[in-house]
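The values are calculated or read from the model by the stated rules, or taken from the named source; none is laboratory data. It should be emphasised that the depicted structure is a prediction, and the values quoted were computed from it without experimental measurement. Note: areas computed on protein heavy atoms with side chains; ligands, DNA, RNA excluded. Shrake-Rupley method; radii C 1.70, N 1.55, O 1.52, S 1.80 Å.
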Amino acid sequence: MITINELQFKEYISAQEIAELVKTLGTQITADYNDKNPLFVVTLKGSFIFAADLIRSVAIPCQVDFLSASSYAGGTESKGELTLLSALPNVRNRHIILVEDIVDTGLTLSKLVSLLQNEEPASLAVATLLFKPEVCKFTLPLTYVGKEIPPDFIVGYGLDYAEYGRNLPDIYVKC
Ligand code: PRP
């Protein structure tokens, strides 16, 4: 059990299980994108650790770029609005794999997918470590999903509560 800003969390997904999920996704992407020179577009901040592990599990030439977006604004529930904090990467005519740590309501991804589709990529797929299907309100191109989880609040492995907990190697759930 750990405490972050007076909320208690218990271990939920171990670092070892995360590593296995990431390896599986990397193997799938390697097979699907051979000779396609994919561009990974990583949504900061939460995805930075997952993305770092994912691209190292991909054994083909690829590139990486970043964009910054936020929907939680310090709380434990998605706010329903997306704030884009950076310019969009140049995705025209590229095979894009949009990297997310978690798809919750789907709002962040639905907006980002729509923004990126407007820039005419050659293709667009999403790789997310975690997905909450019970609360997702959008139809999304979730080609690579590490694990489906119930709609609980989680931290660790890049995911935060009030900006804390991103450094935890395991993923924890709020008690
Ligand atoms: C989190 C997470 C996803 C998004 C998922 O980001 O990293 O991007 O929320 O929620 P949604 O499906 O309901 O939109 P957050 O807004 O907390 O920013 P952060 O990545 O900087 O922590």
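Computing the accessible area with a 1.4 Å probe over protein heavy atoms, can you report the carbon and sulfur percentage for the range 1-154? The partial results should precede the final answer.
Values: 3700 of 7750 Å².
About 48 percent, which is the carbon plus sulfur part of the accessible surface.
If I stretch the segment between residue 14 and residue 118 completely, what's the gain in nm (0.36 nm per residue apart, minus their alpha carbon distance), one decimal?
Stretched fully, the residue 14-residue 118 segment lengthens by 33.6 nm.
Tell me, in nm to one decimal, what length is gained between residue 167 and residue 7 on full extension, where the rule is 0.36 nm per residue of separation less the Cα-Cα distance?
55.9 nm
Which of rounded, prolate, oblate describes the range 1-123, given a ≥ b ≥ c as roots of the alpha-carbon gyration tensor eigenvalues and a/c under 1.5 marking rounded, otherwise prolate only if a/b is larger than b/c?
Note, shape of the range 1-123 comes out oblate.
Over the chain, with the other protein chains present, what is the accessible area per residue in square angstrom, probe 1.4 angstrom? Mind showing how you got there, number by number?
Numbers: 8650 Å² over 175 residues.
Solvent-accessible surface per residue comes out at 49 Å².
Less than 28 Å apart at the alpha-carbon level, and either on another chain or at least 8 residues along: which lysines does that give for residue 174?
Within the straight-line cut-off, residue 174 pairs with 10, 23, 45, 79, 111, 132, 137, 147.
State the extension gain, in nm to one decimal, for the chain segment bounded by residue 71 and residue 52, taking 0.36 nm per residue of separation less the distance between their alpha-carbons. Each step should come with its number before you reach the end.
Working: separation 19, 0.36 × 19 = 6.84 nm, distance 2.19 nm.
Working it through step by step, the gained length comes to 4.7 nm.
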